[in-house]
1. Run through the DSSP bridge list for region B:174-291 and note the antiparallel percent, rounded to the nearest 5.
2. Compute the Cα gyration tensor for chain A, then decide on rounded, prolate or oblate, letting a ≥ b ≥ c be the square roots of its eigenvalues: rounded whenever a/c is under 1.5, prolate when a/b is larger than b/c in the other cases, and oblate in all that remain.
3. Give the long-range amide H neighbours of A:Leu64: residues separated by 5 or more places, or on another chain, with amide H under 5 Å away, using H modelled in the peptide plane at 1.01 Å from N.
4. In whole Hz, what ³J(HN,Hα) sequence does region A:125-130 give by Karplus (6.51, -1.76, 1.60; θ = phi - 60°), x for Gly and Pro?
5. Taking a label point 7 Å from Cα toward Cβ, how far is B:Asp27 from its twins in the other copies, in nm, shortest first?
6. Given Cα pairs under 8 Å that are at least 6 residues apart, what percent is the relative contact order of chain B?
7. Among all the lysines, which ones have a C-alpha under 23 Å from A:Lys81's C-alpha, if same-chain residues fewer than 8 places away are not counted?
8. Please report B:Val110, A:Val231, A:Val44 as a ranked list, fewest other C-beta atoms within 10 angstrom at the top and most at the bottom.
Number of protein chains: 2
Amino acid sequence: MPDIIDGNQISKDIIEELTIEVSKLLDSKPKVVFVRVGEDPASVSYVNKKQKVSAQIGIESVLLVLDVSISQQELIAQIRKLNEDPEVNGILIQSPLPSHMIETEVFNSVAPEKDVDGFNVVNVGKLCQEDESGFVACTPAGIIELLKRQNIVVEGKHVVVVGRSLIVGKPAGLLLVKKSKIGNATVTFCHSRTQEIASIAKQADILIAAIGKPNFIDATMVKKGAVVIDVGINRVEDGSKKSGFRLVGDVDFEAVQSKVSAITPVPGGVGPMTVAMLMKNTIKAYRLSHK
Amino acid sequence: MPDIIDGNQISKDIIEELTIEVSKLLDSKPKVVFVRVGEDPASVSYVNKKQKVSAQIGIESVLLVLDVSISQQELIAQIRKLNEDPEVNGILIQSPLPSHMIETEVFNSVAPEKDVDGFNVVNVGKLCQEDESGFVACTPAGIIELLKRQNIVVEGKHVVVVGRSLIVGKPAGLLLVKKSKIGNATVTFCHSRTQEIASIAKQADILIAAIGKPNFIDATMVKKGAVVIDVGINRVEDGSKKSGFRLVGDVDFEAVQSKVSAITPVPGGVGPMTVAMLMKNTIKAYRLSHK
């Protein structure tokens with residue numbers, strides 16, 4: 001049986017380490033502002049979770065809720081105020097934003113040094129330039145941390161990333177190709193336009209699935225002994241559940257588990273890492289502002 | 001025999017098109033400033049070539065030569081003056097810079113909207129985010145233009161990039177994976193740490209060699225019918241030449257030419273495209289500032 005990579009436990013370990021780190025900060029504590037526009041239920045739930053973990057670690061958090069009808073210009077004006085507030089170390093704009101806004105324009109208005117989500121164009125450029133002073137988006141950063149803490153060798157291996165999104169696929173691949181120990185991999189980006197995706201995925205020593213299609217990766221697409229990181233979180237109907245649905249990843253876990261050497265479950269794999277990395281970024285932002 | 005991709009002719013065509021475009025600008029002409037620090041002979045020669053082509057197109061160019069002993073701080077102060085000068089549309093800092101400087105810091109001091117070399121972190125981030133308003137580094141932009149004008153189908157093809165440099169390999173791969181017609185490729189990044197590089201390179205429908213090792217790519221590494229783009233410019237000793245050396249690419253041209261469907265020669269392939277794309281970026285900067 002493969003190693004099941006326990007994202008819940010690993011994120012718990014990180015949160016404990018960060019709690020100790022913050023307890024040693026004597027003169028002040030890190031402060032993060034969460035900005036939520038509207039009442040999207042998933043966003044409400046995500047932001048609640050982030051606030052809860054902040055409190056647990058000793059990070060001060062503030063929730064700024066804005067009406068869904070706010071204009072992009074007004075939202076950016078609010079963000080600029082937070083940029084200028086020396087008490088605020090980190091700013092997170094919860095996505096998705098209302099459809100009348102252009103998300104990248106909003107994200108790019110967050111000061112790069114407070115951009116704990118790593119979505120600002122300057123932080124994306126720093127990631128590409130291998131400049132460690134920037135902030136890396138939390139999900140790809142969480143993938144790296146999982147590989148590291150699971151002692152998975154990355155150097156020289158062939159990583160295949162299925163999906164080329166700006167917030168997961170691309171940054172994950174860029175992190176894994178860069179010159180560093182949890183890096184130096186050969187990286188292939190596959191996506192919806194890739195021909196013969198199965199034969200390419202099957203070459204992967206480490207396969208990262210971030211395509212957003214339930215159970216897309218089946219046993220024919222996975223090499224024996226591969227490590228599989230499943231970033232997908234998809235709702236599929238399930239009459240046996242009270243909610244009427246269950247969560248599944250982009251990987252058909254049942255079908256591939258007997259073939260692989262290690263795999264992340266969904267839920268409980270990459271998911272919990274995202275909040276932990278957000279907290280890590282917030283403490284980094286605090287340290288940058290106190291240098 | 002394969003198609004020999006004639007970079008000299010293609011760049012000449014582009015320069016002619018740009019000359020017509022600039023001739024139609026009636027109220028003013030684009031202006032670019034070349035900054036050269038020291039007297040490195042290759043830099044002198046490159047900047048001369050860039051000035052000559054600027055003049056040919058009708059772009060005004062100014063050469064600012066600074067002493068090799070100038071501090072990084074003083075250089076950045078000079079760049080800031082150019083950033084603020086409304087008459088200046090484009091700024092190019094000729095590399096390599098003296099060893100007492102950190103090149104990325106200098107490049108990042110050029111205003112993103114005048115960064116015709118595409119090295120500023122904001123432009124690197126925009127490339128990654130697929131934001132067309134940015135400037136793309138001239139060599140990777142030249143590769144895309146060669147593929148486009150040679151009518152080579154890129155969508156859905158497997159591109160293997162050998163080399164992960166910040167100014168060629170990475171941006172070339174990012175351009176080819178992005179959602180666009182000369183894009184949508186499956187992209188693999190190989191490099192010095194890649195295991196079994198030959199078997200991966202041999203899968204390429206389009207192979208981009210940017211590793212800086214003379215004749216590194218031999219016939220065993222190339223698939224029959226592949227398109228080969230050779231970015232390397234390496235000096236190798238040659239007693240039969242007056243100069244004592246000749247230029248060769250990263251690809252063993254003689255060995256692979258009978259196998260491939262199309263290939264760029266060295267010299268006369270990618271090389272001449274770089275200056276043409278610099279001119280194109282300068283005109284883009286001019287248009288952005290006149291919007």
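Just so it is clear, none of the values below were taken in a lab; they were calculated from the coordinates. Worth saying up front: this structure is predicted, and the values here are computed from it rather than measured. Heads up, the Cβs are rebuilt from the backbone with ideal geometry, glycines too, and the neighbour counts pull from every protein chain shown.
1. Taking every DSSP beta bridge within region B:174-291, about 35 percent pair in antiparallel fashion.
2. Prolate.
3. A:Phe34, A:Val35, A:Arg36
4. After applying 6.51 cos²θ - 1.76 cosθ + 1.60, I find x, 5, 4, 5, 7, 6 Hz.
5. From this label point to the equivalent ones elsewhere in the assembly: 5.2 nm.
6. In percent, rounded to a whole number, it is 21.
7. In chain and number order, the partners are A:Lys29, A:Lys31, A:Lys50, A:Lys114, A:Lys284, A:Lys291.
8. A:Val44, B:Val110, A:Val231
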